[in-house]
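Take a look at the structure set out below.
The values are calculated or read from the model by the stated rules, or taken from the named source; none is laboratory data. A quick note: this is a predicted structure, and the numbers were derived from the prediction, not measured. Cβ sites come from the backbone with ideal geometry, for glycine too, and all protein chains shown count toward neighbours. Heads up: the accessible areas ignore ligands, DNA and RNA and are worked out on the full protein's heavy atoms, side chains in. Shrake-Rupley method; radii C 1.70, N 1.55, O 1.52, S 1.80 Å.
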Amino acid sequence: MMLMPARQEVAAAAPSSWLELPHGGWLQAQLSQALAPHCAKVFGYYLARVGHLAHELELNELRVRHQFSATRSGAGDIHTDFEYWPFAEGVLDAVVMVGQLEFERDPHQVLREMSRSLIADGHLILAGLNPLCPARWVGFWPPHLQQLPWRGRYFSRARVCDWLNLLNFEIVASGYTAPSLLLARTPSPSFGLSHLSQVLPAVGSWYYLVAKKREYPLTPVRLKRPSKTPLNAVPAVQRINDGGRY
């Protein structure tokens, strides 16, 4: 399968609230429940929530003293460009990014910025819409192409894992959640997929990743001095040319 380049010239606008998504309140609760056991293992002093969806997400299990949200505009503690954001190297203990990578012009650069600002062994909690779920077929219907959440660029969990591995992140947990067709008119959010998701978790409309930034120290290699050549290893021709002094 041919992959399209991740970088694009113009990015679509990201959702500014969970209420803009079909069954948004239910999606928010499902994702919070899936991340709860992993957030209980995250602690530190500073945590950044990237994007509006991360700003609204309830993660009460996080044991981080100072939490703030970073958005491009609107509600948020800091307004910034995620491709070049104003945090020094190694100052954040954790970063939470939900439904934002799909609406970035250069997602590679955004992940590099997240990595740069994290301390060693810092956590990156990332969640996005699953492009391989049944709900993605709904997005191919022409009236839905320019609507949320379909107007973004969606990347598979495996592809994002590859990007994080190149940045020396270790994936410590991952999974799928919120099986749904993302149709507001369905009688229930998980209509037709609730039982199937127990056998095939990949039908979840959202994937999540919990990664830790690893920094491996460089180990100096001691250079070995070349050993002296033994006498019997010198070619006979060379011994004769040197006057037979050997």
* Structure fact -> Given a 1.4 Å probe, the accessible area of region 105-192 per residue, as a whole number of Å², is 45
* To do: Please list, in chain and number order, the residues 5+ apart from residue 122 or on another chain whose amide H is under 5 Å from its amide H, with Hs placed from the backbone.
  => 213
* Starting from the residue with the highest accessible area, list 186, 71 in decreasing order, probe 1.4 Å. => 186, 71
* Structure fact -> Taking every other residue with Cβ under 10 Å from the Cβ of residue 110 and scoring Lys and Arg +1, Asp and Glu -1, one gets -3
